[in-house]
Every structure is written in structure tokens, then in C-alpha cells.
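Peer 1: Provided herewith is a single structure, encoded as C-alpha cells, for subsequent inquiry.
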Amino acid sequence: MAENKKIRLYLMTLKGYAVLESMIAKGYAQLIESVVVGKDQSVDNDYSGEIIKLCQNGKIDFYLRKNAPESDAEFSLAISWRWLLDPKTNCLIVLHDSLLPSYRGFAPLVAQLINKEPHVGVTAFVANEFFDEGDIIFQKKMDVSYPVKIKDIVNQISTLYVRLALDICELILKAEPLPRRSQKQDQATYCVWRDEEDYLIDWHNSSDYIKRFIDAVGSPYKGAATFFDGNLIRILDAQTKPDINLVQRDVGKVIRLEDGSPVVVCGTGLLKITDARSNSGSSDILPLDRLRIKFKDANTI
């Protein structure tokens with residue numbers, strides 16, 4: 001193997017950790033020039049500590065993102081990476097949470113689960129100067145059965161990341177060219193970045209949609225949000241309930257309590273909230289002991 005046939009890894013989250021762990025276990029540590037570790041305080045666990053520990057145990061050079069020097073490696077591999085990398089310095093391979101060209105952009109897995117896509121997947125592609133438009137190397141997909149929480153999907157999809165990464169490593173180790181095919185630009189769809197407002201529940205949506213939304217932005221993310229007694233709270237779990245014939249559909253209002261769990265009027269259908277916490281997560285909201293409650297979004301406070 002030529003000296004420059006090395007990979008610099010840019011890693012975050014469980015997916016990055018799983019790939020590094022598998023590369024070491026499969027004997028591909030010799031390919032790793034260094035690891036750049038990202039940190040993200042907006043998720044429960046960014047796995048930066050676990051990734052660093054793997055590097056230390058495997059005697060692999062690593063750097064925190066802001067301290068990383070330039071690399072002479074021929075390849076870079078970015079997993080769950082949130083920051084721009086220069087695709088002109090080497091062959092930059094990105095693993096993306098969708099079957100490109102669908103769902104280019106930010107938080108594609110969240111968007112796919114909200115939209116009830118029948119399957120999700122991962123694409124390994126060669127980055128270029130355009131937005132997720134580079135040539136596809138490999139793709140793998142998996143079926144999704146709803147309801148499902150994003151934490152469970154992340155655990156499952158991490159295995160696809162591992163398989164793609166190991167396939168790429170094998171080709172690099174053998175000095176074989178990576179397969180490349182261009183994306184079909186006319187089939188492209190896009191996701192925009194998400195911020196705190198995007199966690200808010202819109203009670204005008206159907207109960208089915210809101211249930212998927214709650215499941216899609218739960219752990220490792222902050223959780224779906226709404227306002228209760230003027231305070232922001234997080235809805236972490238819920239169940240859809242059969243609709244009733246309402247002569248006046250006041251969305252967000254509680255129609256009844258079931259063992260202290262509020263059943264909320266949605267745009268269509270009803271939703272029983274089974275797990276609700278303060279925004280800090282320090283206290284449970286349930287069980288409730290009063291009926292006259294309305295959950296609100298930011299526009300109705």
C-alpha cells in the first residue's frame with residue numbers, strides 16, 4: 001500500500017463511532033492517517049468521548065475539530081459531519097442519511113421519518129463544490145415500519161454506515177478505483193436546516209403526523225416542543241386515538257384525561273400524550289389533575 005493511500009476520518013455520533021470501531025476490528029486501522037472529532041451539544045450524546053477513547057486505545061492520531069492540521073491523506077471520509085470541508089484538497093467521501101438525490105441537505109433522516117418514507121438509506125458519494133451533488137459510490141437502504149423512534153432507526157442505520165465504510169476501505173486497501181455514477185439532478189429533493197422553532201408541534205396537523213413528528217425529533221435530539229401554562233415543554237411520547245365528532249375543532253385543547261394523560265384535539269384525530277417533561281428534562285409534567293388545558297405553539301401564546 002502506497003504511503004499516501006490513507007484516510008483521514010471526520011467523525012461524530014454513534015454512526016461515526018460504529019464505523020471507527022468496525023475499521024479497527026477488521027484490521028483497517030492501518031489505513032487511518034488521523035481522526036478529527038466533532039462535538040455537538042444539541043444532541044444527547046455526540047459520542048466524541050467514545051471516539052477519542054477508541055483512538056487512544058488503538059494508538060490512532062486524533063484532533064478536535066478546531067485544532068486539526070492539514071492532512072496529506074489521499075482520502076477523507078466524513079460521517080455525521082456538520083461543518084464544511086474543502087473537497088479540492090483530496091478525495092472527500094461523505095456518507096449521507098438518504099438515498100441521493102432525494103433528501104439532499106440537513107437532517108434528512110428526520111425529514112424522511114416525518115414524511116413516512118417506506119424506506120431510508122445511506123449514500124456514500126464523492127463531494128464536490130455543489131450541495132450533495134457529487135458522484136455516488138455506493139448506496140444501501142432499509143425498510144421502515146411505523147411507528148418508529150429515530151433512536152431505533154439510528155441504531156439500525158449505523159450498520160449500513162459500517163458496511164459502506166468497510167467496502168470503501170477494502171477498495172482503497174487493494175488500490176482499486178472507487179465506482180462512481182452521477183446523480184440524476186431532475187430527481188433531487190432538498191431539506192433545509194432545522195432550528196429551535198422546528199421542534200414546535202403544530203396541532204393543526206393530523207394526530208398521525210404529530211405522532212411521527214414526536215418520534216422523529218426525539219432522542220438523540222431535544223424532543224418535540226409545545227407550550228403549557230406559558231412554559232416550553234417537551235413531548236417525548238404519545239399515542240394516536242380514534243377521532244370523535246367535534247362540532248368545534250379547537251386544536252391543542254385537551255378533550256379528556258386517561259389516568260392523568262391528556263388526550264389532545266389535533267387537526268384530524270386525537271393524540272394521547274404519555275411522556276412530557278419540562279424543557280430542561282428535570283421534571284415530569286404528567287400526570288395532570290385538571291382538564292381545562294390547551295397546548296399551544298409559539299404563534300398562539
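The values are calculated or read from the model by the stated rules, or taken from the named source; none is laboratory data. Quantities reported herein were computed from a predicted structural model and do not represent experimental measurements. Using ideal geometry, Cβ is built from the backbone for each residue, glycine included, and neighbour counts are taken over all protein chains shown.
Peer 1: Given the options 173, 232, name the one that is within 23 Å of residue 27 (Cα to Cα), surrounded by 14 or more Cβ atoms within 10 Å (Cβ to Cβ) and among the aliphatic types (A, V, I, L, M).
Peer 2: Being within 23 Å of residue 27 (Cα to Cα), surrounded by 14 or more Cβ atoms within 10 Å (Cβ to Cβ) and among the aliphatic types (A, V, I, L, M) holds for just one of 173, 232, which is 173.
Peer 1: Can you spot a residue in segment 266-273 that is touching a strand residue (DSSP E or B) at 6+ places or on another chain (Cβ under 9 Å), loosely packed, with under 13 Cβ neighbours inside 10 Å and modelled with pLDDT of 95 or more?
Peer 2: No, every residue in segment 266-273 fails to be touching a strand residue (DSSP E or B) at 6+ places or on another chain (Cβ under 9 Å), loosely packed, with under 13 Cβ neighbours inside 10 Å and modelled with pLDDT of 95 or more.
Peer 1: Further, regarding this structure: Within segment 17-33, which residues are surrounded by 18 or more Cβ atoms within 10 Å (Cβ to Cβ) and over 25 Å from residue 281 (Cβ atoms)?
Peer 2: Correct list: 18, 19, 20, 22, 23, 28, 31, 32, 33.
Peer 1: If we keep just the residues of segment 112-148 that are under 17 Å from residue 79 (Cβ atoms) and not hydrophobic (A, V, I, L, M, F, W, C), which is surrounded by the most Cβ atoms within 10 Å (Cβ to Cβ)?
Peer 2: 123
Peer 1: Note down all Cβ pairs under 9 Å where the first residue falls in segment 248-268 and is acidic (Asp, Glu), the second is surrounded by fewer than 19 Cβ atoms within 10 Å (Cβ to Cβ) and part of a strand (DSSP E or B), and they're at least six residues apart or on different chains.
Peer 2: Cβ pairs passing all conditions: 250/294; 258/241.
Conditions tested, residue by residue: (1) within 22 Å of the chain's Cα centre (by Cα); (2) more than 19 Å from residue 162 (Cβ to Cβ); (3) hydrophobic (A, V, I, L, M, F, W, C); (4) in the same structural domain as residue 167 (by TED's automatic domain parsing).
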site	(1), (2), (3), (4)
15	yes, no, no, yes
20	yes, no, yes, yes
25	no, no, yes, yes
31	no, no, yes, yes
39	yes, yes, no, yes
57	no, no, no, yes
62	no, yes, yes, yes
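Peer 1: Any idea which of (1) within 17 Å of residue 79 (Cβ to Cβ); (2) in a helix (DSSP H, G or I); (3) among the basic types (Lys, Arg) is the one residue 151 doesn't satisfy?
Peer 2: (1)
Peer 1: Follow-up. In segment 25-58, which residues are among the polar types (S, T, N, Q) and either at positive phi or at pLDDT 95 or above (or both)?
Peer 2: Scanning segment 25-58 gives 34, 48, 56, 57.
Peer 1: Within segment 138-145, can one find any residue that is of a type in the set (A, V, I, L, M, F, W, C) and modelled with pLDDT under 95?
Peer 2: Within segment 138-145 (the criterion being of a type in the set (A, V, I, L, M, F, W, C) and modelled with pLDDT under 95), the answer is no, since none of the residues qualifies.
Peer 1: Looking at residue 15, is it assigned to a loop (DSSP other than H, G, I, E, B) and of a type outside the set (S, T, N, Q)?
Peer 2: no
Peer 1: Considering 135, 143, which residue is among the acidic types (Asp, Glu), farther than 17 Å from residue 178 by Cα and not assigned by TED's automatic domain parsing to the domain that holds residue 212?
Peer 2: 143
Peer 1: Determine which member of the set 85, 64, 99, 77 is at pLDDT 95 or above, aliphatic (A, V, I, L, M) and touching a Phe, Trp or Tyr at 6+ places or on another chain (Cβ under 8 Å).
Peer 2: 77
Peer 1: Taking the options 217, 162, 192, 154, name whichever one is β-branched (Val, Ile, Thr), exposed (fewer than 14 other Cβ atoms within 10 Å of the Cβ) and touching a residue at least 12 places away in the same chain (Cβ under 8 Å).
Peer 2: Result: 192 is the single residue among 217, 162, 192, 154 that is β-branched (Val, Ile, Thr), exposed (fewer than 14 other Cβ atoms within 10 Å of the Cβ) and touching a residue at least 12 places away in the same chain (Cβ under 8 Å).
Peer 1: If you don't mind, another one. For a quick check of your reading: which strands (runs of 3 or more DSSP E) sit entirely within segment 34-111 and have at least 2 residues that are surrounded by 15 or more Cβ atoms within 10 Å (Cβ to Cβ) and not aromatic (Phe, Trp, Tyr)?
Peer 2: Filter on segment 34-111 gives 75-79, 91-96.
Peer 1: Here's something else I'd like to know. Suppose we filter segment 274-291 for residues that are basic (Lys, Arg) and modelled with pLDDT of 95 or more; how many remain?
Peer 2: Selection size over segment 274-291: 1.
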